[in-house]
Amino acid sequence: MTHPSGSFSFDLVVFGATGDLSLRKLMPALYHRDVAGQLNADVRLFAVARGAMSDEEFRNLARGALNRHLDSADYDEAAVERFIARFRYLSLDADAPEDYAALAQAIDGASDRVVVYYLAMAPRFFGSICGHLAATGLNRPQARVVLEKPIGHDLASARTINAAVAAAFPEERVFRIDHYLGKETVQNLMALRFANALFEPVWHRGVVDHVQVTVAEKIGVEGRAGYYDHAGALRDMVQNHLLQLLCLVAMEAPNAFAADAVRDEKLKVLQALRPINERSIMEKTVRGQYGPGAVDGVAVPAYVDEVEQAASNTETFVVVKAEVDNWRWAGVPFYLRTGKRLPARRSEIVVQFRPVPHLIFDGASRDVVANRLVIRLQPDEGIALHMMTKVPGPGGMRLRQAPLNLSFADTFHGRQPDAYERLLMDVVRGNPMLFMRSDEVEAAWRWIEPILAGWSAGSETPKPYTAGSWGPSSAIGLIERDGRTWHEDMR
């Protein structure tokens, strides 16, 4: 139910409410939407977890999380107290059918009221929770379920999860969340391409030399050792975040700005990705694992020390050379790179254009650099077009590269909402535009699986790299064999 002010009435049930994702991301996002006036007074928030806890004990936990994760300027004590008073805590074993009767009783209300079940839990619970919700009659027509990535650990498990969820909720009421798709700059990529006449005529193999997608993190596993050592960077980042960014860069214009029209075009890109098999895996992929080093001048341990293992084959760094086999992108490589314990926290898309076909300026050839478009996702969201310009003065035609820079912070004053804020409200609205469809998830796994299999079949272990560096030297070699280089200035 939506009110004229743009606020909403709904129930939100967070499974795994005492976990890191809930406390670090969901609580601040919901708080900000409450402060913005989007949560009506009758919005009910239910925190569900296995342990025994009173309402007040959970509210204390939520208060502490907001104190840690909100900027001090955003922390308003009165607003925090009003917000956490919305919560009711329910102890529930996700695998115990009898526990769902208490949940049904707690959220009993008008059947036309939107209820959102947010599964902030491991994917192995998704199918059973949805099945129990259905068996208890909690999958009523206005109910929606949110699934956090990863959806499974391979294609078979993804299909199993999707089938189990589909037995309880129709596809239009399943929201598979990838928070990267909620970032303002990612959505602006759509506006950049399809609301401006400038870029679309040059957005193809004849003008674009290559594309780089980099998601770099300075942190290590940060308390996620149990999950991460079984997942690794390819499953954790490439299969979802980086492939989704690739799709938005490479997709054709949809016939309308509508959820299925957009997702149909993204699916076509995933289906057009050239398979990477055992014969090409050494040429087109690099995996690494960080050793001890220093980040921001602070000594940090090796990965194996963080996960308390004597040895591990889990990759913390990945480079993949992806190729889209269609008319628009044939011959244009997409270099995907992600890693932990790198020297900077950056998420960027770089569209590198081809050099000018003929240079008319004598003696300036060494100064002329091909144009590139840099889309900064985090931090300092913005878009920069790097182009050649004349240096002012009478000293002849001296050329220098300079950016046309759109900084969101400078252009659109005020606080920029976090991705989770936008995505949560899109679930309440019933807008699936920024969420993955089941066939997208399965297509991504279908492309990723041969890479995982090739690594498993080979004898090579992840290449070591020093924490605080840009990964193993073979990552540089992969792109430089093609006569290209990484853009690590990140400007």
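The values are calculated or read from the model by the stated rules, or taken from the named source; none is laboratory data. All figures in this text were calculated on a predicted structure; none of them were measured in a lab. All Cβ positions, glycine included, derive from the backbone under ideal geometry; neighbour counts span all protein chains shown. Calculation scope for accessible area: heavy atoms of the full protein, side chains included, ligands and nucleic acids excluded. Shrake-Rupley method; radii C 1.70, N 1.55, O 1.52, S 1.80 Å.
Table for the structure above
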| read-out | value |
| --- | --- |
| Restricting segment 54-76 to residues that are at pLDDT 90 or above, among the small types (Gly, Ala, Ser) and part of a helix (DSSP H, G or I), the residue that is nearest to ASP34 (Cα to Cα) | ALA62 |
| Considering residues of segment 205-218 that are part of a strand (DSSP E or B) and over 14 Å from ARG341 (Cα atoms) only, the residue most open to solvent (accessible area, probe 1.4 Å) | ASP209 |
| When residues of segment 98-126 are limited to those that are closer than 14 Å to PHE175 by Cα and not aliphatic (A, V, I, L, M), the one modelled with the lowest pLDDT | PRO123 |
| Which listed residue is surrounded by fewer than 16 Cβ atoms within 10 Å (Cβ to Cβ), more than 22 Å from the chain's Cα centre (by Cα) and charged (D, E, K, R), from GLU200, GLU172 | GLU200 |
| Any hit, segment 304-314, residues being within 21 Å of the chain's Cα centre (by Cα) and over 14 Å from GLU217 (Cα atoms) | yes |
| Residue, nearest to the chain's Cα centre (by Cα), within segment 149-169, restricted to residues that are under 25 Å from ALA106 (Cα atoms) and open to solvent by less than 20 Å² (accessible area, probe 1.4 Å) | VAL165 |
| Some residue of segment 115-125 being under 27 Å from the mean Cα position of the chain (by Cα) and either open to solvent by 70 Å² or more (accessible area, probe 1.4 Å) or on the phi > 0 side of the Ramachandran plot (or both) | yes |
| Extreme residue, least open to solvent (accessible area, probe 1.4 Å), among residues of segment 438-491 that are more than 18 Å from LEU273 (Cα to Cα) and among the basic types (Lys, Arg) | ARG484 |
| Only listed residue being surrounded by 23 or more Cβ atoms within 10 Å (Cβ to Cβ) and within 24 Å of the chain's Cα centre (by Cα), chosen from ARG346, ARG337 | ARG337 |
| Restricting segment 301-325 to residues that are of a type in the set (A, V, I, L, M, F, W, C) and crowded, with 21+ Cβ neighbours inside 10 Å, the residue that is farthest from ILE451 (Cα to Cα) | VAL324 |
| Unique match (being in a loop (DSSP other than H, G, I, E, B) and open to solvent by less than 10 Å² (accessible area, probe 1.4 Å)) among VAL262, VAL221, VAL238, VAL249 | VAL221 |
| Matching entry among ASP108, ASP71, ASP93, ASP112 (being open to solvent by 60 Å² or more (accessible area, probe 1.4 Å) and in contact (Cβ under 8 Å) with a residue 12 or more places away in the chain) | ASP112 |
| Looking only at segment 380-410, and only at residues there that are polar (S, T, N, Q) and either open to solvent by less than 70 Å² (accessible area, probe 1.4 Å) or touching a helix residue (DSSP H, G or I) at 6+ places or on another chain (Cβ under 8 Å) (or both), the one that is modelled with the lowest pLDDT | SER407 |
